[in-house]
1. The conditions are (1) within 14 Å of chain A (Cβ to nearest Cβ); (2) on the phi > 0 side of the Ramachandran plot, and B:GLU278 fails exactly one of them. Which is it?
2. Surrounded by 16 or more Cβ atoms within 10 Å (Cβ to Cβ), aromatic (Phe, Trp, Tyr) and closer than 22 Å to B:LEU224 by Cβ: does that describe B:PHE277?
3. Name the residues in the range B:169-222 that are in a helix (DSSP H, G or I), in the same structural domain as B:GLU122 (by TED's automatic domain parsing) and of a type in the set (Asp, Glu), would you?
4. Please verify whether B:ILE130 is in a helix (DSSP H, G or I) and exposed (fewer than 15 other Cβ atoms within 10 Å of the Cβ), treating the condition exactly as stated.
5. Would a scan of the range A:164-178 turn up a residue that is away from every other protein chain (no Cβ under 14 Å), out of contact with any helix residue (DSSP H, G or I) (no Cβ under 9 Å at 6 or more places or on another chain) and in a helix (DSSP H, G or I)?
6. Go through the range A:67-158 and tell me which strands (runs of 3 or more DSSP E), entirely inside it, have 3 or more residues that are over 26 Å from A:HIS247 (Cβ atoms).
7. Search the range A:130-162 for residues being facing chain B (nearest Cβ under 9 Å) and among the β-branched types (Val, Ile, Thr), and hand back the single one that is nearest to B:SER324 (Cα to Cα).
8. Keeping to the range A:217-267, report how many residues are more than 23 Å from A:THR91 (Cβ to Cβ) and among the hydroxyl-bearing types (Ser, Thr, Tyr).
Amino acid sequence: MNSIAVTAEGVGDSSAVGNREALDIHDHADVSGYETIGWPFVDDPKMSARNVNVYYGDKQAIHNVSLDIGKNEVIAMIGPSGCGKSTFLRTFNRMNDIIPGCRMEGNIHLDQEDVYHGGQDTVMLRARVGMVFQKPNPFPKSIYENVAYGARIHGLAHTKADLDEIVEKSLRRASLFEEVKDLLDQPGTGLSGGQQQRLCIARAIAVSPEVILMDEPCSALDPIATARIEELIDELKERYTIAIVTHSMQQAARVSQRTAYFHLGKLIEVGPTKQVFTMPRHELTENYITGRFG
Amino acid sequence: MSNQDSYKNTEVIQASLKKRYAREKRFQWYGRLAVLTGFAFLFILLFDIVSKGYPAFTQQYIQLSVDFDADRLGVEPGASSEALYQADYLGVVKASLRQMFPEASGRQEKRQLYRLISIGAEYQLRDYVIDNPQVIGKTQDIWLMAHSEAGAYLKGQVTREIPETDRRVKDTQMQWLDSLAQQGRTESRFNTLFFSTGDSREPELAGIKAALYGSFFTLLVTFLLAFPIGVFAAVYLEEFAPRNRLTDLIEININNLAAVPSIVFGLLGLAVFINFFELPRSAPLVGGIVLSLMTLPTIIITSRAAIQSVSPSIRQAALGVGASPLQTVFHHVLPVAMPGILTGSIIGMAQALGESAPLLMIGMVAFIMDVPGGVTDPATVLPVQIFLWADSPERGFMEKTSAAIMVLMGFLIVMNALAIYLRKRFELK
């Protein structure tokens, strides 16, 4: 079978890593009639996806994926480039809606409310499900304005003092406040990459979301900035439910409680992070985490 | 690859290197030559305009001792200002000229003598007498505006070397002017009248103010219509409109409209706005509407390009915190795109400022003496005024033409400076 899933990230090509026995990902693409191995469902889900299919035009990017995100857990989504993990993540706050030709089937629920069919407003949804993107993308405005923007448009603050408080609290939670407290009127784009990403996290949490989606938040950062973000994720999980897409298996292992492995648009295996990394049950998962393709 | 081979390769590359660098040098020289040629032509153009135009900024005055004789004026001493308004000032001017040069005899010579002074002197005297009625019955030295031909001689633009038949200042007039100059009765002053009046049949009385105001009102209407409509059309087409046959058709049409000859827009304005909607003829309102139709494609195309070039990550960031699509556009996309939008709009407005053809069609080519006070008053614009003056046979209008071009260019520079200032301000944010 030659079904090659094409996603927003491009054609799912993969090159062999190192000199080990190279495996072509497409030789293993025959996962038709597969069933997700592991435990995709939890008792107390914050968000749940059921039978999700996503298409870009005629190409199917996500094949019948069902997955729960538990309350206050960090779930990591890993998989080779082009496996659809970002596309899947973006279905949770309907960010795929803005991509022309993108179509979605299936159901997503947030606290039992239907996100796609229940008349749920995308503005409301995105206020409850925040997002941090791959590339730090602060607004070309001041640091203060970056954080205050969401609260302001949603009318969360009635006075300037309220707004100041929200900005300070959000910056503190994103562990950025001490670094920028004297620079609040400086442009956010003038910060370093890691600071910018933490500013984006502060911006996301300023509207008090319930869920934060992170799409490879550290892929553009150096190891030190990455470590800080990872620490931050650890602190944030006390208050928020977090879904993180990452290319780095070490990162997934460090920050998440559950890990989901995607392959060519299919969810292959889900389980507690420890188990997935030490005792993968599917051959593809094992090949991926042992680095035979990436 | 053996050592022999790699040595040979180095040779080959070395040989080609020289050629490649030579080509680059040649290219650079072509560039410099092109830039220099451009500068040379620009300099010639500016030099020509300025050298022809600067005499228009000075006006020659002649001092006459005017006898404000009550009989000659045809008024009683202590007459009302209405009576003074009707008085015969031209007669007074003529009499004082005859008195100064009694040798002028015969109709022909007297006519020449009277032509030393501008007919505007009549109004100058009238205003003077109304302000100072006590002057009636006295004789006083008064500076009066010289006729444009006499002024040309005093400025040195006309000389005796030119055969008398080829010039309008005759030998006798030259003698009189020379004697006036010897008595210190001629003077050159800055021409304030040029900036404070409208058009006139007499070159020395013609001013740029009516055309300047006309251009200003016309461009104001153009900007108020074309900028918001253009920017919003670009936003809608770029951010909200679905991609289908209809929007493709609209896009093609916008691109084609940008290439439509401007006079066609003038015909449209005549047919639709004047004949059908019966808007006033010759008015900046109609001119502005027509020019905004002409400018819209430019503004829409450049605004769309500017909006397109805004990074999608900013849109995603705004949508991601729950901004509605409209908020995303107005809070984030437009501010970032604004410098580009402004640049395009200014290019469009500059085009509109220099446009005359469509305005001829809607009657803005009229002879306008009064400064327009609003967008519905009859008016003309700078390029049309330049066209009208360039068309006039009097030599005095030649310098006015160049001077008006200088004013037009000044207008353009001010507009561009404003645009650059605004762009810098938006970029800082």
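The values are calculated or read from the model by the stated rules, or taken from the named source; none is laboratory data. Predicted model, so just to flag it, every value in this text is computed and none were measured. Backbone-built Cβ (ideal geometry, glycine too); neighbour counts: all protein chains shown.
1. (1)
2. In short, no.
3. Those that are in a helix (DSSP H, G or I), in the same structural domain as B:GLU122 (by TED's automatic domain parsing) and of a type in the set (Asp, Glu): B:ASP171, B:ASP178.
4. It is true that B:ILE130 is in a helix (DSSP H, G or I) and exposed (fewer than 15 other Cβ atoms within 10 Å of the Cβ).
5. yes
6. A:102-110
7. A:ILE153
8. 1
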